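Below you'll find the structure, written out as structure tokens, and then a few comments.
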Amino acid sequence: MIVIDTPEGIDHYRMCQVIAALKLEASTGMKHSRGSILKLAQQQYGCVKRTKKGALAEMLALYEETYGKEYGAKVL
């Protein structure tokens, strides 16, 4: 079991969830969440793009800038 109990860990998890939802919705065209994940990305992370693919690209760049590694990169 993994317990995320630090503010940094919770922020990281939330950003990963937004990226994963945007990736799913952008690639399949299906809606994953009840609310608008695009609107959430715009409000929470300041994305200015108006499409899910554009917001996904912004979120991936923000992740790399924030954490210094590519999203989904494996740590050995």
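A few points about this structure:
- Sparsely packed loop sites in the stretch 9-76 (the GluC sites (Glu not before Pro) outside DSSP H, G, I, E and B with at most 10 other Cβ atoms within 10 Å) comprise E70.
- Per-selection metrics, the chain (Cα): Rg and Dmax in Å: 12.7, 37
- Average Cα contact separation per residue, the chain, under 8 Å, 6 or more apart, as relative contact order %: 22 percent
- Here the chain is scanned for trypsin sites (Lys or Arg not before Pro) in DSSP loops (not H, G, I, E, B) that have at most 10 other Cβ atoms within 10 Å, and the longest stretch holding none of them is 1-33.
- Sites R34 and Y13 - FRET efficiency at Förster radius 25 Å, r taken between beta-carbons, to 0.05: 0.85
- Accessible solvent surface per residue of the chain, calculated while the other protein chains remain in place, 1.4 angstrom probe, Å²: 76 Å²
- Taking 0.36 nm per residue of sequence separation and removing the Cα-Cα distance, the E65/R50 pair yields an extension gain of 3.3 nm.
- Cα-based Lys proximity count in the chain, under 19 Å, for pairs eight or more positions apart or on separate chains: 14
The values are calculated or read from the model by the stated rules, or taken from the named source; none is laboratory data. Keep in mind it's a predicted model, so treat the numbers as computed, not measured. Cβ coordinates were reconstructed from backbone atoms using ideal geometry, including for glycine residues, and neighbour counts include every protein chain displayed. These area figures cover heavy atoms from the full protein model, side chains too; ligands, DNA and RNA do not enter into them. Shrake-Rupley method; radii C 1.70, N 1.55, O 1.52, S 1.80 Å.
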